[in-house]
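The values are calculated or read from the model by the stated rules, or taken from the named source; none is laboratory data. Computed from a prediction, not measured in an experiment: that's the story for all the values here. Counting neighbours? That spans all protein chains shown, and the Cβs are built from the backbone with ideal geometry, glycine included. Protein only, heavy atoms only, side chains kept; ligands, DNA and RNA dropped before computing areas. Shrake-Rupley method; radii C 1.70, N 1.55, O 1.52, S 1.80 Å.
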Amino acid sequence: VQLQASGGGLVQVGDSLKLHCAASGLTFGPSGMAWFRQAPGKEREFVAGFTWTNGNPRYAESAKGRFIISRDNAKNTVDLQMNSLKPEDTAVYYCAADRDGYGGTGRRAYEYWGQGTQVTVSS
């Protein structure tokens, strides 16, 4: 099983970026993929995913109103559109996948992780 993340880069405050993650080797359920991030010296934290009960997107407070997660079940991919980026969004962003398809906001729910893609927001 592999998760390949891409789309990171160096941007200015207020810019947008779109991250993309493609899964191969296993098909994950509609709510089984999510995005996390890890800033230097901090723990990896949930950014966006899907609610298992109804498939609706769910976001960390820091991402609400600015980020949009989307899923292509047929292609087994998940994207994260990030708008109005701030310096505090600087981190390595990881896509994650849950074999059982439940997802959630906790890291331990996800068995598979991508290699991470660096997002740097410069002021």
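What the table below lists for this structure:
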item	result
Qualifying residue in the stretch 74-92 (condition: within 23 Å of residue 2 (Cα to Cα), loosely packed, with under 15 Cβ neighbours inside 10 Å and among the basic types (Lys, Arg))	yes
Among the residues listed as 41, 65, 25, 49, the single one being open to solvent by less than 70 Å² (accessible area, probe 1.4 Å) and either free of Cβ contacts under 8 Å to residues at least 12 places away in the same chain or not hydrophobic (A, V, I, L, M, F, W, C) (or both)	49
Members of the stretch 1-56 found to be within 13 Å of the chain's Cα centre (by Cα) and aliphatic (A, V, I, L, M), listed by number	3, 5, 17, 19, 22, 23, 33, 34, 47, 48
Residue in the stretch 86-109 that is over 30 Å from residue 122 (Cβ atoms), in contact (Cβ under 8 Å) with a residue 60 or more places away in the chain and in a strand (DSSP E or B) present	yes
Pick from the stretch 24-73, criterion assigned to a strand (DSSP E or B) and among the β-branched types (Val, Ile, Thr), ranking: farthest from residue 2 (Cα to Cα)	68
